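Have a look at the structure below, then the notes.
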Amino acid sequence: MIYVIKKGKHYPEGWNLSGYALGGPHCGLQTMTRTVMFTPSALVQPGTADCNDDINKLFGWSYGWHHSNSIRVGWRVDPVRSQITLFLYLYENGKRRQVRLANIKVNETYDVTLAHNHSTGALSLQARNSTFDRSITDTWKGSRPSCGYRLGLYHGGNCPAAADMEIMIR
């Protein structure tokens, strides 16, 4: 599905739950795989020094409140390479951190898997029809897998999209 985040917005058009990127509940979710493709429209930065380094969110899930314990795929623009940088984006017991995975090209399709067990968070990335394959694993310091909700596409940190952007996620 192609999601459109309009200029000045944080969430894609037609998102559920009154515009919040909160999906359905889950209990003990530990793995999620999505096929993603960023279009060139996603390469537009907010244009504000305070926001150009913000990490946007692609997908993931929480264990309870997402600013307490959550695991997500994050992304931001690498303007020097005209690519997208992907991150393992974590909230662990209320503390936020991110681990860089790799840069990816626009208009290319990637399978992205996010996984978590009791002690690690992991993110793997594989390009379709290519030999590109990256993964990272990092120690998880948050809560054990429990109930929470799925998290969807969100532009920001603090600043909304500076232009309309299209991102394919399925």
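The values are calculated or read from the model by the stated rules, or taken from the named source; none is laboratory data. Remember, it's a predicted structure, so these values are computed and weren't measured experimentally. Neighbour counts are summed over all protein chains in view; Cβ atoms, including those assigned to glycine, are modelled from backbone coordinates with ideal geometry. In case anyone asks, the SASA skips ligands and DNA or RNA and just uses the protein heavy atoms, side chains included. Shrake-Rupley method; radii C 1.70, N 1.55, O 1.52, S 1.80 Å.
Counting only Cβ charges, +1 for Lys and Arg and -1 for Asp and Glu, the dipole size of the stretch 1-117 around its Cα centre is about 80 debye.
What separates the Cα centres of the stretch 23-73 and the stretch 75-106 is a distance of 9 Å.
Overall, the accessible surface of the chain at a probe of 1.4 angstrom is composed of carbon and sulfur to the extent of 48 percent.
Ordering of 81-87, 69-75, 39-45 by packing is 69-75, 81-87, 39-45, highest average first (other Cβ atoms within 10 Å, averaged per residue). From the cross-link list LYS7/LYS105; LYS7/LYS57; LYS6/LYS95; LYS57/LYS105; LYS95/LYS141; LYS9/LYS105, which pairs have alpha carbons spaced over 19 Å apart? Listed pairs above 19 Å: LYS7/LYS105; LYS6/LYS95; LYS9/LYS105.
Mean 1/r over all different Cα pairs, inverted: what Kirkwood radius does the chain give, in Å?
This gives a value of 16.0 Å.
With the helix formula -39500 (n - 2.57) applied to DSSP H stretches of n ≥ 4, the chain reaches a computed 222 nm mean residue ellipticity of -500 deg cm²/dmol. Between ARG100 and CYS27, the modelled label-to-label distance comes to 4.1 nm, taking each label 7 Å out from Cα in the direction of the beta carbon.
Quick check: net charge around ASP164, other residues with Cβ under 10 Å of its Cβ, Lys/Arg +1 and Asp/Glu -1?
+1
For the stretch 72-126, what class follows from the C-alpha gyration tensor (a ≥ b ≥ c being the square roots of its eigenvalues): rounded when a/c is under 1.5, otherwise prolate if a/b is larger than b/c, else oblate? The shape class here is oblate. Summing +1 for each Lys or Arg and -1 for each Asp or Glu among the other residues whose beta-carbon sits under 12 angstrom from that of GLY74 gives +4. Count charges around LEU151 for me, please; just the other residues with Cβ under 9 Å from its Cβ, Lys/Arg as +1, Asp/Glu as -1. Overall, the nearby charge balance is +3.
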